[in-house]
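Here the structure comes first, spelled out in structure tokens, and everything after it is commentary.
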Amino acid sequence: MIKSKNSYFEIERAGINTTFQDLGRQNLNHIGIPVSGAMDKRNYILANALLKKDLNSPVIEFAYQGPLLKYKGEEIFIVLTGNVKFQIVRENKKKIIGEPYHVYLIQNNDQIDIQSTNKSVYGYISISEDFILDKTWGSYSINTKAKIGSNNGEKLSNNQKIDIDHKKKKLTITNLNYVNSKIQYIRVLKSINFDFFSEKSKNIFFNKEFKVTKLSDRMGMRLEGQVLENVFNSNIKSEGLVKGVIQVPSDGNPIIMLSDHGTIGGYPKIANVISADFDKLVQMIPGSVIKFKQVSLDEAEKLFKLYKLETDNLINQI
Amino acid sequence: MIKNILNLGDASVYCDFGKDVNKEINNNVINYFNNLKDKNIEGITNITPSYNKLIISFDLDVTNFFKVKKIIENLEIKKENENKKKLIEIPICSEKKFTLDHNRLEKALKIKFDKILEIFFSKKYFCYMTGFIAGMPFLGDISDKLRAKRLETPRVKVPKGSIGLTEQFCNIYTYESPGGWNIIGNTPLEIFNKNNQKNPALINPGDTVKFKQITQDEYDKIKK
């Protein structure tokens with residue numbers, strides 16, 4: 001297939017952790033490859049939905065500070081999602097303060113300056129046309145630790161070009177009225193090794209606050225607070241991990257596994273974050289306070305259905 | 001064969017095959033893994049075997065814990081296909097620059113390093129699982145005489161190709177990664193090749209590995 005490469009973004013500033021992401025790659029945990037994929041699934045999906053794209057299309061994910069992109073080519077549409085502060089600088093230097101969930105028309109020599117994610121971690125930018133990228137195992141998602149995915153598994157860097165296959169898609173400018181709400185609790189299920197911990201520590205886990213530390217990335221989120229004491233044998237045989245599992249190593253500080261987590265691990269698992277709360281969890285910046293609340297499996301399933309319904313309703317509003 | 005089936009969070013099933021780590025239990029795990037994988041059950045997104053556990057992740061949008069649990073309980077396990085399992089020879093160079101934990105191991109095991117290598121290379125090893133990082137094989141069991149604890153402070157970077165020992169297991173670092181195992185050599189072979197999308201991992205659970213000691217010259221030749 002011949003693709004026109006006359007449209008592209010020039011990356012004038014790459015940002016802190018800028019990667020391509022989609023819904024990730026499945027069925028490879030057994031050889032040590034995590035699912036990866038967009039950290040905040042709802043914001044990822046909305047970015048594609050707003051541009052009437054296939055909901056599994058690759059988008060650019062950024063953390064804290066986003067990229068500064070200069071566009072070259074015929075006009076395209078873009079949208080940003082998440083709680084993102086950005087501006088569009090037109091060729092004539094006119095600045096437009098950007099709003100997330102609003103579709104913008106971008107022309108030759110326009111700049112998109114994604115300044116920051118406001119009191120949150122991840123944001124997304126999708127375009128009406130298609131990025132020209134390579135897939136690895138059915139996904140464009142970049143896993144920088146394993147160097148897998150598009151862009152040779154590396155995060156985007158300064159002065160790089162991102163080629164765009166320009167098919168001149170017709171679109172109307174659309175908006176979505178959506179506010180990323182805060183959450184009071186992160187809801188969890190007790191996990192396999194919950195009873196390894198002392199009664200006091202179980203109480204601490206559900207009643208005290210934990211702080212998100214700076215040692216948090218796409219692989220995992222490290223928390224600190226009152227130390228959780230393991231009164232049983234802390235030496236479990238390495239076994240499979242899943243997203244959302246909260247492991248407690250011998251130092252007593254919990255670590256929550258996220259999208260790029262190692263596929264197996266040997267630390268005791270105290271709890272699992274419910275699927276409905278993943279998007280809210282990953283957006284918590286270092287220094288934020290987390291309180292855990294226990295729910296039943298039945299409640300977790302119902303909460304996921306509700307989360308799904310909310311997302312579908314948002315898509316239907318577009 | 002499965003002792004206990006529990007939920008791990010709201011979107012995965014935790015199958016416990018028993019407390020111990022041995023070939024028989026691990027064979028059961030791998031057998032379940034292969035049978036389940038061949039079934040291509042809708043909604044299952046990952047199946048992760050380890051020494052004595054099998055974790056099955058699923059899409060909560062398509063199915064749920066009780067449905068998947070039922071499938072596993074009623075799964076018809078076909079007799080394992082022994083032909084799938086390979087014997088793989090892995091060349092290892094143990095020149096000084098590759099044996100990062102030469103001194104540490106001599107001290108911990110109270111055996112001269114030459115003897116450590118002799119004991120290590122005299123056995124074949126069974127692959128219990130792959131993972132942690134892409135394609136890393138967990139092999140065992142190493143001789144009782146070579147059982148050392150992992151490093152108190154793990155290395156930030158273990159070189160690609162390193163062979164590590166800890167407790168009853170040895171492993172191969174398929175690419176540069178943090179890690180705390182005792183390093184006794186390095187292989188020039190590509191253990192994980194992401195460009196071979198169908199069979200990226202050279203060593204898979206159930207395979208047997210025979211290590212072969214090579215010289216620096218031989219190492220360089222293969223590396224080319």
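The condition of being surrounded by fewer than 18 Cβ atoms within 10 Å (Cβ to Cβ), hydrophobic (A, V, I, L, M, F, W, C) and assigned to a loop (DSSP other than H, G, I, E, B) holds for only one of A:215, A:156, A:133, that being A:133. Looking at the range B:176-210, which of its residues are in contact with a strand residue (DSSP E or B) (Cβ under 9 Å, 6 or more places away or on another chain) and among the basic types (Lys, Arg)? Of everything in the range B:176-210, those that are in contact with a strand residue (DSSP E or B) (Cβ under 9 Å, 6 or more places away or on another chain) and among the basic types (Lys, Arg) turn out to be B:194, B:210. Within the range B:64-74, identify whether any single residue is part of a loop (DSSP other than H, G, I, E, B), at the interface with chain A (Cβ under 9 Å from one of its Cβ atoms) and out of contact with any Cys (no Cβ under 6 Å at 6 or more places or on another chain), and answer yes or no. Scanning the range B:64-74 turns up at least one residue that is part of a loop (DSSP other than H, G, I, E, B), at the interface with chain A (Cβ under 9 Å from one of its Cβ atoms) and out of contact with any Cys (no Cβ under 6 Å at 6 or more places or on another chain). For the range B:6-26, a residue qualifies if it is small (Gly, Ala, Ser) and within 9 Å of chain A (Cβ to nearest Cβ), and the qualifying residues are B:9, B:11, B:12.
Give the number of residues within the range B:147-175 that are in a loop (DSSP other than H, G, I, E, B), out of contact with any helix residue (DSSP H, G or I) (no Cβ under 9 Å at 6 or more places or on another chain) and among the polar types (S, T, N, Q). Residues meeting the conditions: 2. Pairing each residue of the range B:131-142 that is facing another protein chain (nearest Cβ under 9 Å) and more than 10 Å from residue B:166 (Cα to Cα) with any residue that is charged (D, E, K, R) and part of a loop (DSSP other than H, G, I, E, B), provided the two are 6+ apart or on different chains, yields C-beta distances under 8 Å for B:133/A:145; B:134/B:194.
In the range B:170-180 there is no residue matching the filter, namely being closer than 24 Å to residue B:47 by Cα, within 16 Å of the chain's Cα centre (by Cα), free of Cβ contacts under 8 Å to residues at least 40 places away in the same chain and exposed (fewer than 14 other Cβ atoms within 10 Å of the Cβ).
Quick check, is residue B:61 exposed (fewer than 14 other Cβ atoms within 10 Å of the Cβ), of a type outside the set (A, V, I, L, M, F, W, C) and either at the interface with another protein chain (Cβ under 8 Å from one of its Cβ atoms) or not in a helix (DSSP H, G or I) (or both)? Break it down stepwise before answering.
On the way: exposed (fewer than 14 other Cβ atoms within 10 Å of the Cβ): yes; of a type outside the set (A, V, I, L, M, F, W, C): yes; either at the interface with another protein chain (Cβ under 8 Å from one of its Cβ atoms) or not in a helix (DSSP H, G or I) (or both): yes.
Here the answer is yes, as residue B:61 does meet what is asked.
Looking at the range A:5-22, can you tell me whether even one residue there is touching a strand residue (DSSP E or B) at 6+ places or on another chain (Cβ under 9 Å), within 14 Å of chain B (Cβ to nearest Cβ) and at pLDDT 95 or above? Within the range A:5-22, not a single residue is touching a strand residue (DSSP E or B) at 6+ places or on another chain (Cβ under 9 Å), within 14 Å of chain B (Cβ to nearest Cβ) and at pLDDT 95 or above.
Elements of the type strands (runs of 3 or more DSSP E) sitting completely within the range A:1-70 and holding at least 2 residues that are of a type outside the set (S, T, N, Q) and surrounded by fewer than 24 Cβ atoms within 10 Å (Cβ to Cβ): these cover A:7-13. Taking the conditions (1) at pLDDT 95 or above; (2) facing another protein chain (nearest Cβ under 10 Å); (3) under 18 Å from the mean Cα position of the chain (by Cα) in turn, residue A:301 satisfies each one other than (3). Of all the criteria given as (1) assigned to a strand (DSSP E or B); (2) in contact with a Lys or Arg (Cβ under 7 Å, 6 or more places away or on another chain); (3) of a type outside the set (Val, Ile, Thr); (4) buried (at least 18 other Cβ atoms within 10 Å of the Cβ), the one not satisfied by residue A:77 is (2).
Quick test for you: out of B:145, B:221, pick the one residue that is surrounded by fewer than 17 Cβ atoms within 10 Å (Cβ to Cβ), over 16 Å from the mean Cα position of the chain (by Cα) and within 25 Å of residue B:111 (Cβ to Cβ).
Values: B:221 fails: within 25 Å of residue B:111 (Cβ to Cβ).
The unique qualifying residue is B:145.
For the range B:56-84, how many residues are among the basic types (Lys, Arg) and modelled with pLDDT under 95? Steps first, please.
Restricting attention to the range B:56-84, the residues satisfying the condition of being among the basic types (Lys, Arg) are B:67, B:69-70, B:78-79, B:84.
Narrowing the set further to residues that are modelled with pLDDT under 95 leaves B:78-79, B:84.
Here the count works out to 3.
Picking from A:183, A:192, A:164, A:173, which residue would you name as being buried (at least 20 other Cβ atoms within 10 Å of the Cβ), out of contact with any Gly (no Cβ under 8 Å at 6 or more places or on another chain) and not in a helix (DSSP H, G or I)? Working first, answer last.
Values: A:183 fails: buried (at least 20 other Cβ atoms within 10 Å of the Cβ); A:164 fails: out of contact with any Gly (no Cβ under 8 Å at 6 or more places or on another chain); A:173 fails: buried (at least 20 other Cβ atoms within 10 Å of the Cβ).
Only one candidate qualifies: A:192.
Please go through the range B:176-211 and give me each residue that is part of a strand (DSSP E or B) and among the basic types (Lys, Arg), ordered by number.
So the first thing to find is which residues in the range B:176-211 are part of a strand (DSSP E or B), and the list is B:177-179, B:182-186, B:192, B:201, B:208-211.
Answer for the range B:176-211, where residues must be part of a strand (DSSP E or B) and among the basic types (Lys, Arg): just B:210.
Given A:275, A:216, A:259, which one is under 25 Å from residue A:140 (Cβ atoms) and in contact with a Leu (Cβ under 6 Å, 6 or more places away or on another chain)?
Numbers: A:216 fails: in contact with a Leu (Cβ under 6 Å, 6 or more places away or on another chain); A:259 fails: in contact with a Leu (Cβ under 6 Å, 6 or more places away or on another chain).
Result of the check over A:275, A:216, A:259: A:275.
Taking the range A:224-270 as the range and being touching a Lys or Arg at 6+ places or on another chain (Cβ under 7 Å) and either buried (at least 20 other Cβ atoms within 10 Å of the Cβ) or among the basic types (Lys, Arg) (or both) as the test, the residues that pass are A:239, A:240, A:245, A:246, A:247, A:255, A:257, A:258, A:259, A:260, A:261.
Residues of the range B:194-218 that are under 17 Å from the mean Cα position of the chain (by Cα) and without any contact (Cβ under 8 Å) to a residue 40 or more places away in the chain: B:199 alone.
The values are calculated or read from the model by the stated rules, or taken from the named source; none is laboratory data. Computed from a prediction, not measured in an experiment: that's the story for all the values here. Here the Cβ is made from the backbone with ideal geometry for all residues, glycine too, and neighbour counts use every protein chain on show.
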